[in-house]
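Undergrad: Below you will find the structure I want to go over with you.
The values are calculated or read from the model by the stated rules, or taken from the named source; none is laboratory data. Here the structure is a predicted model, which means the values were calculated and not measured. Note that we place each Cβ from the backbone using ideal geometry, even for glycine, and neighbour counts take in every protein chain shown. All accessible areas refer to the heavy atoms of the entire protein, side chains included, with ligands and DNA or RNA removed. Shrake-Rupley method; radii C 1.70, N 1.55, O 1.52, S 1.80 Å.
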Amino acid sequence: MKVFKFGGASVKTANAVKNVKSILDQFKNDELFVVVSAMGKTTNAMENIVKALYEKNTDDFCALVEDRREFHLDIMNGLFEDSSHPVFDEVEEIFTELIAQKDERLVENYNYQYDQIVSLGEVLSTKIISAYLSLFENDVCWTDARTFIRTNNAYRKAEVDWERTQKLMSAELKSGECRISVTQGFIGHTKEGFTTTLGREGSDFTAGIIAYCTKAESVTIWKDVPGMLNADPKWFENTVKLDKISFKEAIELSYYGASVIHPKTIKPLQNKNIPLYIKSFLDPEAPGTIIQASTENDDLVPSFIFKIDQVLLSITPKDFSFVVEENLSDIFKKLALSGGHINVMQNSAVSFSVCLDINKDELNHLVEMLSDEYEVRYNDNLELVTIRHYDQATIDRVTKGREILMEQKTRQTVRIVMRNLG
């Protein structure tokens, strides 16, 4: 079995869905498990629908739901000859049930409600795509991830119950005779049957879960890029495609912020030595990138990960005492409560510095929590660059015209917090 994952950009129009079919047609002799994201920007739109519902803004809620209905209807009209196909009724039923929520009592748990509504984007896309593929193939099945990916009750960031998922997955495979199974990325279910989500961009992870549980031959993530690049073209010119890298290197790059692969995707594949391909749905014949066990190619090309809107926080005890374990324990507890995400840390005898992803409200809350015992200073609007397999020429290239505020080096990685002087 091969596992394919198609993201929102690859199914955002009727022509895009037809392109997915043309890719699948190249694998007529393979059993395929096809993981599909919500179409286009539907996840963002569904998030706005939940927000409008909780703000009790009925006009906005209805308008947003209608917008998504028309969006999906337009795609279906481009795929099916007329509206007599049963999928039109299935999609209409989903939107009818969604719009009815404006008259229902809201549950207090926002994250629970978020998962029940936002997950519908994946349900809609897979209903439409499986119905379209079934026009040409008899052995296509719509498969509901909410029946075989078991999670805990941590809504919006659910953790997978691997043992139970493995059993449910085995039962799912035995129950059907489908060459192509189309299922949803990003979603799962609790033991009570409530829908959960695995975190934004979690569809890659879904592909990894399925591959692990089925001992798949490979996973292919179809993107709008030729493969995994050594830098984001938005920030760096003359990017280079990485033809072959190791699981370890991919984990390092995703940890530091490379956006091509969801960070959790690699571990289940590495555990069972299942290769991961990153290929272009715009040029499916191109070789793309392969991620596998061997590390021999990892250091051939330096890789760059760039983050903006960083905050560098400097924390010093007011009594000028040494920063020791007791201080750090207290600081980390407050950092966790703030909601910020730590990227780089550094400490001296009397100061602890940390580079964070954190919004203004979270930052103000953190400073307030720390200010009783510590002097707190910070710089915002900073940049963080991480370079894997660096040399001095690469450092000079990325720091030109910038003031370096913090730098950390290991044998293979340098991380630099800097301020643009332009």
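Undergrad: Which one is farthest from Ala131 (Cα to Cα) among residues in segment 89-111 that are under 26 Å from the mean Cα position of the chain (by Cα) and open to solvent by 50 Å² or more (accessible area, probe 1.4 Å)?
TA: Across segment 89-111, the extreme among qualifying residues is Asn109.
Undergrad: Could you list, in sequence order, the residues of segment 251-293 that are open to solvent by 40 Å² or more (accessible area, probe 1.4 Å) and of a type in the set (Ser, Thr, Tyr)?
TA: Tyr255, Ser259, Tyr277
Undergrad: Of all the residues that make up segment 349-362, how many are under 17 Å from Lys333 (Cβ atoms) and part of a helix (DSSP H, G or I)?
TA: Of the residues in that region, 1 qualify.
Undergrad: Among Asp330, Asp232, Asp309, Asp299, which is the only one that is touching a His at 6+ places or on another chain (Cβ under 8 Å), more than 30 Å from Asp25 (Cα to Cα), of a type in the set (D, E, K, R) and touching a residue at least 40 places away in the same chain (Cβ under 8 Å)?
TA: None of the other options fit; the residue is Asp299.
Undergrad: OK, next. When segment 179-194 is examined, which residues are found to be within 17 Å of Thr126 (Cα to Cα), surrounded by fewer than 24 Cβ atoms within 10 Å (Cβ to Cβ) and out of contact with any Phe, Trp or Tyr (no Cβ under 9 Å at 6 or more places or on another chain)?
TA: Hit for segment 179-194 is Arg179, nothing else.
Undergrad: Against the conditions (1) at negative phi; (2) open to solvent by 70 Å² or more (accessible area, probe 1.4 Å), where does Leu405 fall short? Just the number, please.
TA: (2)
Undergrad: Select from segment 34-88 the residues that are in contact with a Leu (Cβ under 7 Å, 6 or more places away or on another chain), of a type outside the set (S, T, N, Q) and open to solvent by 40 Å² or more (accessible area, probe 1.4 Å) and list them in ascending order.
TA: Correct list: Tyr54 only.
Undergrad: Any chance you could count how many residues in segment 198-218 are buried (at least 24 other Cβ atoms within 10 Å of the Cβ) and of a type in the set (S, T, N, Q)?
TA: The qualifying residues number 2.
Undergrad: Let me ask something else about it. I'm checking my understanding of the structure. Among residues of segment 6-33 that are open to solvent by less than 20 Å² (accessible area, probe 1.4 Å) and not hydrophobic (A, V, I, L, M, F, W, C), which one is nearest to Val260 (Cα to Cα)?
TA: Per the criteria, the residue is Gly7.
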